[in-house]
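These notes concern the structure reproduced below.
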Amino acid sequence: MMLPQKLSKLLDNWPSKLFSLVVAVLIYVFYHISILETKNIAVPLSIYDNGITRVVSVSEKNIHVTIKGLKEDIVSLEALDFQTYIDINSFVTEGEFQVPVKVQLSSNASIVDNLEVKVSPTMVNVVLAEYATSYVPVIPTISGSPAYGYELGEVRVDPPSIKIYGPKNIVESVEHLETELISLNERSESFLVDVTLLNDNTMIEFPEGSNVSLSAELRQSMTEKTFNNVPVYIIKPSEPYFVEEEEFYTKVTIRGTVLELDNYVIPRNTFYLDCSSIAEEGSYLEPVRNYRIRSGVITNIFPSELTVRIGKIVEIVPEEILLEDFVEEVESGDEIVPEELSETDNQSVEE
């Protein structure tokens with residue numbers, strides 16, 4: 001009896017009561033909507049992969065995150081409180097795919113009650129490629145000229161090859177990598193420096209680092225210099241023999257460093273002919289000999305042999321000595337046979 005009465009009262013004028021209930025709910029909803037605020041945040045897109053295939057192209061690099069909540073709850077939330085990412089660990093083949101964007105909340109964002117989070121776009125297009133590793137040679141890049149009188153010797157790079165990682169087709173197209181430019185200008189000593197590899201392709205990675213050591217040897221430059229009309233000294237023979245010519249010359253080529261030979265002058269009597277053992281007149285072909293030079297090495301002597309004419313000194317007795325000998329013969333009483341007189345001389349004797 002009581003239940004029907006209560007139900008009758010509840011249903012009495014029910015349209016008005018239902019309308020009031022709906023209005024109350026709407027007021028409650030509009031009230032909460034009015035006190036909620038919206039905040040838009042741009043968050044970089046992260047990619048999780050398995051290392052077999054990697055993303056070589058993605059349609060979006062930043063994802064727009066829209067959060068809605070009480071003003072006092074969302075005012076302190078920033079981009080660092082949200083991580084947007086795509087997961088391609090399940091993809092093992094190359095190609096173009098659509099992948100859903102996911103969002104991960106930080107601990108600060110997770111404790112906010114009734115926080116509404118939306119991302120845009122919800123899907124991104126990605127191009128996947130097979131990845132590979134390879135070792136490629138490193139080529140040093142050097143410019144300029146060392147100081148005067150020096151030249152570049154051996155250049156080494158350590159390690160001589162470097163490990164690269166990236167899309168298989170790109171890795172296979174890399175033949176070598178070059179170092180950053182190293183200048184030799186005015187250097188005169190060997191050196192060792194750490195250098196960075198040049199790489200314009202952002203898809204190429206260096207698992208073991210992108211720095212190498214470069215060592216360069218700088219040494220003095222070598223050259224050859226020819227000296228013309230070099231005097232040749234004569235070691236004379238013993239008397240009574242002598243060398244008839246007074247002057248001999250030859251041409252000498254010396255190999256040495258540029259700095260040594262620039263102002264080098266061959267010392268006097270460095271080159272000579274040894275005639276000391278000659279004891280007979282005549283012509284002799286004697287080798288041009290030399291003492292050790294101070295700078296460089298002699299590579300050529302031309303002519304290397306010279307003809308020497310040896311003469312002999314002849315002693316001539318003076319006339320005065322012959323007359324004295326004659327007087328001595330007269331004084332000694334030896335018979336003197338006069339020469340045949342001429343007709344004029346005979347007449348003078350008869351008178």
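Here is a check on your reading of the model: is Phe271 open to solvent by 60 Å² or more (accessible area, probe 1.4 Å), among the aromatic types (Phe, Trp, Tyr), modelled with pLDDT of 95 or more and under 48 Å from the mean Cα position of the chain (by Cα)? No, not satisfied. Could you identify the single residue in Glu96, Glu172, Glu72 that is exposed (fewer than 13 other Cβ atoms within 10 Å of the Cβ), over 30 Å from Leu261 (Cβ atoms) and at pLDDT below 90? Every option except Glu72 fails the conditions. Within the set Leu197, Leu181, the sole residue that is open to solvent by 40 Å² or more (accessible area, probe 1.4 Å), among the aliphatic types (A, V, I, L, M) and touching a Ser or Thr at 6+ places or on another chain (Cβ under 6 Å) turns out to be Leu181. Among residues of the stretch 277-294 that are closer than 16 Å to Glu305 by Cα and part of a strand (DSSP E or B), those with a beta-carbon under 9 Å from a residue that is open to solvent by less than 100 Å² (accessible area, probe 1.4 Å) and of a type in the set (Asp, Glu) at least six positions away or on a different chain give the pairs Leu285/Glu305; Glu286/Asp274; Glu286/Glu305; Pro287/Asp274; Pro287/Glu305; Arg289/Asp274.
In the stretch 101-115, the residues that are over 12 Å from Gly69 (Cα atoms) reach residues that are polar (S, T, N, Q) and in a loop (DSSP other than H, G, I, E, B) with C-beta atoms within less than 6 angstrom, at least six apart or across chains, in these pairs: Val101/Thr122.
I'd like to know if the stretch 46-53 contains one or more residues that are open to solvent by 70 Å² or more (accessible area, probe 1.4 Å), of a type in the set (A, V, I, L, M) and either at pLDDT below 70 or closer than 23 Å to Thr202 by Cα (or both). Checking the stretch 46-53: at least one residue is open to solvent by 70 Å² or more (accessible area, probe 1.4 Å), of a type in the set (A, V, I, L, M) and either at pLDDT below 70 or closer than 23 Å to Thr202 by Cα (or both). Scanning the stretch 34-69 for residues that are of a type in the set (Val, Ile, Thr), within 28 Å of Thr93 (Cα to Cα) and outside any strand (DSSP E or B) yields one hit, Ile52.
The values are calculated or read from the model by the stated rules, or taken from the named source; none is laboratory data. Quick caveat: nothing in here was measured; it's all calculated off a predicted structure. All Cβ positions, even for glycine, are placed from backbone atoms using ideal geometry, and neighbour counts span all protein chains on display. Please note that ligands, DNA and RNA were not included when accessible areas were found on the heavy atoms of the full protein model with its side chains. Shrake-Rupley method; radii C 1.70, N 1.55, O 1.52, S 1.80 Å.
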